[in-house]
Every structure is written in structure tokens, then in C-alpha cells.
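The values are calculated or read from the model by the stated rules, or taken from the named source; none is laboratory data. Computed from a predicted model, the values in this text were never measured in an experiment. Counting neighbours? That spans all protein chains shown, and the Cβs are built from the backbone with ideal geometry, glycine included. Surface accessibility is based on the protein's heavy atoms, side chains included, excluding ligands, DNA and RNA. Shrake-Rupley method; radii C 1.70, N 1.55, O 1.52, S 1.80 Å.
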Amino acid sequence: MKSHNDDYKAGSLTLAGTVAMGTGVMIGAGIFALTGQVAELSGPLFPLAFFIAAIISGFSAYTYIKVSNKYPSAGGIAMILKKSYGPTTVTGAAALMMAFSMIINESLVARTFGTYTLQLFDIGRDSVLVPVLAIGLIIFAFIVNIAGNKIIGGISAVTALLKIGGILLFSLAVLWAAGFSLEFTQSVPENASSPTGFIAGIALAILAFKGFTTITNSGGEVKNPEKNVGRAIMISLAICLLVYMAVAFAVGSTLSIGEIAAAKDYALAEAARPAFGDYGLWFTVAVAIIATASGLLASVFAVSRMLAMLTDMNLIPHRHFGMPGGIQKHTLVYTVIAAGLLAAFFDLSRIASLGAIFYLVMDIVIHWGVYKHLRSDVDAKGWILLSAIALDVAVLGAFLVMKAGSDPWIIAIAFGGIFAITAFEKFYLSNLRTADKAEQSSEGHSH
């Protein structure tokens, strides 16, 4: 069996390249899809929700950095779980949840692409063209990924500069048009958001930063990983925070919370309209298309890599269904099909909710594993690990309370999914052990 290790090379990513990849995934759709949704939940203080989300992500990143510094690996998250919990159901289930949260993120990115592209034509956002365009983009990402690693690296570097520059230009232009008055158009709204709503907004905003985990997943390829993985994560988080705050202030200075909520799936395009009319709209949509397309490319690559690692670790079964090529080519196909199905059947806010729940649960499992089993080995401070867990739990709790009122179905789907993944892993691993034992005993008899 051909290992997927043929596809990557140690030390092939520089610090700048790693930062470009991290910010590329983070500033993909996060900001385009989530600004409106975070504002809808958090109310007038939504820029603060992004700021707090960055701090929580910083606490989370500490765990990943500490383990990656000692054990840089292309398996990233799967490796952290396996070192913490061994080859158990918890490891397999949490790693699959991470993979699923990334696939959910891909469908979020793809649908954002569809929603923004349709802004150029006078077509409603409920049009069937949104999922059609989303699936088209996913297929495009698949084709580029089949073409190989170098192309993705090249595209990521160019597009990271284009979209970060474009988004900052958008923010500055909108703020300039608003006379750089950072007082929001919504100083005292009648329907100020509840504390629960505000914290629930933070849960979604965390999704806009979770791309830093992509850097841990590529740890084995980074030059001088012991230093550079941590540096790349912190630099990426800082760049993203800067960009998100600029966008939040720009959107908040031209649109009221009501207007942001009404246009939540394409809030940035809407914010460019008052000052710059159609030109502003076209520019924003162009940046959104570049950002979503490149974000999806990087993410599809990262997920297929991670699923290939899990297959190598014997944590998930592998069937190639007669397909040619190595394991990573096959996992690429599964990734694309799963993302396509989600993009076809779920709308943006449900996809984002699902992603937030999966990601936060998986994050808590990782922090707890490192706290319980690896703390002294990787020289991590216990209070930081426990703070990361407490922050995750608080944010997830508020988010679930909020969703229980507005969309209880999505909670049922999320926890049904978590239960199904865990049951599947338990079944698969116990069968694997039984088969191993049978093999050992038959070998023993034959001697």
C-alpha cells in the first residue's frame, strides 16, 4: 500500500509560507460568512465578540503549540489525540470530529462563494443557484488538489496577499467614507442583545480563527518546526484579529444591526453599497470570490491529509472502491463528496452552528487530554489548559442555550452526529482488535 507520505516533504514550508497558509484558511470565508451572523447574535458590540474570540483562540492555540513544539507532525491534531489518549475510541472520534468540522467549514466557504457571487446579479439569496455554485467550487477545488502540492502553495501565497489587501482596502475605504467616525450607527439600539446572545456570537466568531489548527496539521513540513509552528500560529492570529476588527468597524459604521442581520450572509457586500454603489459591491464580491475559492483549496488539502493520517494510524477504515492512486487521493474524494452534500442541503447559519459545536467539543477533548496525560511531557502550564477548557465550555454552553430557543433541530443533528461518530469508532476499533487477536492466535498455532 502506498503511504501518503510520498506527497509531502519535511521542511518544505517557510515561516512566511506557513503564515500565508494559516491566514489563507482563516480569512477564507470566515469573515465574509460570519460577520453578519456574529452581529446578529452579539448585537452592537459585535467587534468585541471578535476580539474576545481571538483571546479564547490564543488560549486554545497554547495547547497545540506546546505539543507541536515537542512533536511536530503532519498528523497535527490526530497525533496530539493519540499521544494523549492512545489508539482509543476517544482519539478516533475526536479526530473525526475535527475532520468533520473542517468539512463543515468547507461547505460554509462554498455557500458563501455562491451567496456573494449572486450579489452581482439580481438574484435572491434563496435561489437554487447558491448550492449549485457552491458544489461547482468544491469540484474545482478537487481538480486543483489532484494537480498537487506545489500548485496549492503557489495559489495560497498569491491569494493570501490579494484577499488580505482587498479586505483591508474595503475596510479603510468604507471607514473613510464614513469619515473615520468609529462611533457605530447603532449607539443605543432598542433591542440590545442579551449576554447569552453576545457569548453565542463569540462561539461563531471562534470559527473565524480556527484556521490556526491547519498550521498544526502541517507541522511536519514546516522548516525548524520547534520554533516556527508556534510563531506562525501567533502571527496568523494577530493578522486575522487586525483584519476582522477593521471589517467589523467598517460594517458597523455604515449599517445598523437590523440591516446587518437582514443581509447576514453577504454583510460586507451590503456595507460597501452605501458609500461606493455598484463599484463597491463588485470589488467586495471579487475579493469574496478570491477568498472563498483559495480558502477552500487549502482546506480540502488539509482535510484529505488528515484523513490519510487517520487511515495510516488505523483509526478509521479505508475502502478505495476501485479508485486508482494513493490513500490521500481517496480521502480527497470523500472530503469533497461530504462537503458537497452539506452545501447542497444546509443554509449558512445552520452550517456555521454545526461547525461551532463540533469544533468546540473537539477542542475541549484535546485540552483535557493534554492536561491529563501530556502536561509535564510537553512542559505546559496546567492553569492555561484549564482556562482554555473553561472558556470553551462557557462559550459552547451559551451557544447551545441560544440555539435551543431558536433552532433546536441543529443541536439534535450536532449531538446525533457526535454520538454516531463515537459509536462508529467504538465498533470499528473493537472489530480491529478482535481481528488482530484472531490473527495472533492463528500465528501461534501454526508455529
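For the chain, with the dipole built from +1 on Lys and Arg beta-carbon atoms and -1 on Asp and Glu ones, taken about the Cα centre, which of Val393, Ala20, Ala288 lies farthest toward the positive end?
Sorting the options by dipole projection puts first Ala20.
Please state the shape class of the stretch 284-395: rounded when a/c is under 1.5, otherwise prolate if a/b exceeds b/c and oblate if not, all from the C-alpha gyration tensor.
oblate
Between Met234 and Thr88, how many nm apart are label points set 7 Å from Cα along the C-beta direction?
Placing both labels 7 Å along Cα→Cβ, they lie 3.3 nm apart.
Longest span of the chain, sites excluded, free of GluC sites (Glu not before Pro) in DSSP loop with at most 16 other C-beta atoms within 10 Å?
In the chain, the maximal stretch lacking such sites is 191-447.
Between Ala390 and Lys372, 0.36 nm times their residue separation minus their Cα-Cα distance comes to what?
Extra length from Ala390 to Lys372 when fully extended: 5.0 nm.
Quick one: how many Å² of Lys329 are accessible to a 1.4 Å probe, rounded to 10?
Its heavy atoms expose roughly 80 Å² to the probe.
Could you name the lysines whose alpha carbon sits less than 19 Å from that of Lys437, not counting residues in the same chain fewer than 8 places away?
Within the straight-line limit of under 19 Å, Lys437 reaches these lysines: Lys426.
Sorted by packing (mean other beta-carbon atoms within 10 Å per residue), highest first, where do 415-423, 355-363 land?
Final packing ranking: 355-363, 415-423.
Assign unit charges at the C-beta atoms only (+1 for Lys and Arg, -1 for Asp and Glu), then state the dipole size of the stretch 250-384 relative to its Cα centre in Debye, rounded to the nearest 20.
Magnitude of the dipole: close to 380 debye.
Between the helical axis of 267-312 and the dominant principal axis of the chain, each derived from Cα atoms, what acute angle in degrees is found, rounded to the nearest 10?
Helix 267-312 sits roughly 0 degrees off the main axis of the chain.
P(r) for the stretch 356-447: what percent of alpha-carbon pairs falls in each 10 Å bin, starting at zero?
14, 27, 26, 19, 10, 4, 0
Accessible area of the chain with a 1.4 Å probe: how many percent of it is carbon plus sulfur?
Whole-percent figure for carbon plus sulfur exposure: 68.
Quick query: amide H of Leu13 versus all other amide H atoms, modeled in the peptide plane; which residues come in under 5 Å with a sequence gap of 5 or more or a different chain?
When sequence neighbours closer than 5 places are left aside, the close amide H contacts are Val222, Lys223.
About the Cα centre of the chain, what is the dipole size in debye to 20, counting +1 per Lys and Arg Cβ and -1 per Asp and Glu Cβ, all else neutral?
1060 debye
How large is ³J(HN,Hα) for each residue in the stretch 347-353, as worked out from phi by the Karplus curve 6.51 cos²θ - 1.76 cosθ + 1.60 (θ = phi - 60°), to whole Hz, x for Gly and Pro?
8, 4, 5, 6, 4, 5, 5
Rank-order 56-68, 390-402 by packing density, defined as the average count of other C-beta atoms within 10 Å over each peptide's residues, highest first.
In decreasing order of mean packing, 56-68, 390-402 become 56-68, 390-402.
Treat each spin label as a single point 7 Å out from the Cα along the C-beta direction, and report the Ala262 to Leu120 distance in nm.
Result for the modelled spin labels: 2.6 nm.
Pop out the ³J(HN,Hα) list for the stretch 106-119 in order, Karplus 6.51 cos²θ - 1.76 cosθ + 1.60 with θ = phi - 60°, rounded to Hz; leave Gly and Pro as x.
For the stretch 106-119, the Karplus curve yields 4, 5, 5, 4, 5, 5, 4, 4, x, 4, 5, 4, 5, 4 Hz.
Based on DSSP H runs of at least 4 residues, each adding -39500 (n - 2.57), what is the mean residue ellipticity at 222 nm of the chain after dividing by all its residues, to the nearest 500 deg cm²/dmol?
-26500 deg cm²/dmol
Which whole-number percentage describes the relative contact order of the chain, with Cα contacts under 8 Å and a sequence gap of 6 or more?
It rounds to 35 percent for the chain.
Given 0.36 nm per residue, what is the gain on full extension from Lys381 to Leu15 after removing their alpha carbon distance, in nm?
129.2 nm
Roughly how many nanometres apart are two label points built 7 Å out from the Cα toward the Cβ at Asn314 and Val333?
Here the modelled spin labels are 2.5 nm apart.
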